[in-house]
Amino acid sequence: MKKNALLVSAIVVGLAAVTLLSRTIDARRANNSAQLADEPLYVSAPTAKRLSLAFNGLASDWYWMRSLQYVGGKIVNYEDTHEGRVDFGNLGSLNLQLLPQLLQVSTALDPQFMAPYEYGAMILPEVDSAHAIALLNYGIEHNPSAWRLYHHLGYIYWQRKDYLKAGDVYAVGAKLPDAPPWMGAMSARLKGEGGSRDSAREMYRHLYETTTDDAIKGMVSKQVIRLNSLDERDAIRAVLNDFKMRSGRCALSWRELIEPLRAARLNLEAMTGAPIDPSGVPYELIKNGCDVGLSINTKVPLN
C-alpha cells in the first residue's frame, strides 16, 4: 500500500509540474489564434528543466507534441486561407518562427530524445538552416555515437549545397562503430558529385530507410517524385528539340511525338499521347509546343 501511495504521489507531482510549466508558458498568450501560434516562449530551456523537476522526459514529450501541433496548425491555417494545398517540398511559406525554440527546449529537457533532431533536420532548414545545424550539433554533443545524427547533419549541409562539408560530416559519422557501410560511400559520392540528381536520390533513399516518421517519409517521397519528373522533362525536351531540328517547327500536339516518347520509355496517356508525370497527371506543351511544363493539377513538388 505504501509503495502504491508513493507511486500515485510521484505521478501527481509530475503532472503538477507539467501543468505548472504549461501555465507559465501560456500565461501571456493572446486570445487571437493567429497570435497564439507564434507567441514566443516565455520559458527558456534551463528554466523549463527546473520547473519540470525530475520529470524532464515527460516535459520533453510535451514540447515535442506541441511542436507537431504547431506545424499542423500552420498547415491547416494555410490551407484555410490559400487556394490549393501546402507544398511539403517548400515549407518556408508557413512562417514557422516558433519551431526552433520548441525543438530546442524539447532536446534540452531530454538530449537523448531522437525524434526532435530528426524532425528538425527535415523541417528547420526551411526556417533557418543555422538553427538546424545548431540543433544537430547539440544532438551529436550529447549522443556522440549516434551515426544517424551525422546522417541528418550531412543532409542539411547538402541542402545548403556545401557538398564538401556534407561529405566531411558523413566521413566522420562513417567511423562510428555501428555506422552502416553506405555512410563512407555517401561521403565519397557527395565530394565527387554532390549536386547531381543521382546523389540526391541516394541521399533521399537513405533518409527514407532510416526514419520511422511517416510525415518525413512522405516529404522524402515527394522529393524523389520531383527528381523523377525533372529527369522525365529533360527526356521530353530532348524529343522536342529533335523534332524541331527535323521538321523546322515546334510540335502542334503530343500525337506527333508518340513514337520518340515511347522510345524514351515514358508513360503516355492513351487518348492524347501526352506523357504522364510521376503523380499521374499529363504534362503540357508550353511555349507554342517548344517546351514541356507541369499541369496546374499536378502533385509534383515545384521545388
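A short reminder: the numbers here are calculations on the coordinates, not readings from a lab. Here the structure is a predicted model, which is why all the values come from computation and not from measurement. Backbone-built Cβ (ideal geometry, glycine too); neighbour counts: all protein chains shown.
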A student applying the Cα gyration tensor rule (rounded when a/c is under 1.5; otherwise prolate if a/b is larger than b/c, oblate if not) would label region 160-303 prolate
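When only Cα pairs under 8 Å and 6 or more residues apart are kept, what is the percent relative contact order across region 231-293?
Here the relative contact order equals 32 percent.
Set the Förster distance to 35 Å, then compute FRET efficiency between LEU230 and ALA130 from the Cβ-Cβ distance, nearest 0.05. Intermediate values should be presented prior to the final figure.
Numbers: r = 28 Å, r/R0 = 0.80.
It comes to 0.80.
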FRET efficiency for CYS250 and SER93, using Cβ-Cβ distance with R0 set to 51 Å, rounded to 0.05 | 0.90
Neighbour-count ranking [beta-carbon atoms within 10 angstrom, fewest first] of SER93, SER60, SER279 | SER93, SER279, SER60
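Among ASP178, ASP231, which comes first, second and so on when ranked by fewest other beta-carbon atoms within 10 Å?
On the way: ASP178 8, ASP231 13.
Starting with the residue having the fewest Cβ neighbours, the order is ASP178, ASP231.
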Which loop trypsin sites (Lys or Arg not before Pro) in region 253-299, with loop taken from DSSP, have no more than 16 other Cβ atoms within 10 angstrom of their Cβ?
-> ARG265, LYS287, LYS299
Along region 145-162, what does the Karplus equation 6.51 cos²θ - 1.76 cosθ + 1.60 (θ = phi - 60°) give for ³J(HN,Hα), rounded to whole Hz, x for Gly and Pro?
-> 9, 8, 5, 4, 5, 5, 4, 5, 5, x, 4, 5, 5, 5, 4, 7, 6, 9
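Pairs on different chains or at least eight residues apart, Cα atoms closer than 21 Å: how many lysine pairs in region 115-268 fit?
On the way: LYS161/LYS191; LYS161/LYS222; LYS165/LYS175; LYS165/LYS191; LYS175/LYS191.
The result is 5.
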For ALA274, distant residues with modelled amide H under 5 Å away = GLU269
At a Förster distance of 22 Å, what's the computed FRET efficiency of ASP242 paired with ARG197, Cβ-Cβ distance as r, to 0.05?
-> 0.50
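Is region 231-293 best put as rounded, prolate or oblate by its Cα gyration tensor, with a ≥ b ≥ c the root eigenvalues, rounded for a/c under 1.5, and otherwise prolate when a/b is larger than b/c, oblate when not? Let's see the in-between values first.
Working: a/c = 1.55, a/b = 1.51, b/c = 1.03.
Verdict is prolate for region 231-293.
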Contour minus Cα-Cα span, THR81 to ILE296, at 0.36 nm per residue, comes to 75.5 nm
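Pulled fully out, how much extra length does the chain show between THR272 and GLN112, if you take 0.36 nm times their separation in residues and subtract their Cα-Cα distance?
Working: separation 160, 0.36 × 160 = 57.60 nm, distance 5.53 nm.
Length gained between THR272 and GLN112: 52.1 nm.
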Amide H contacts under 5 Å for VAL292, restricted to residues at least 5 apart in sequence or on another chain and with H modeled in the peptide plane, are ILE286
By counting other Cβ atoms within 10 Å of each Cβ, how are THR212, THR107 ranked from fewest to most?
-> THR212, THR107
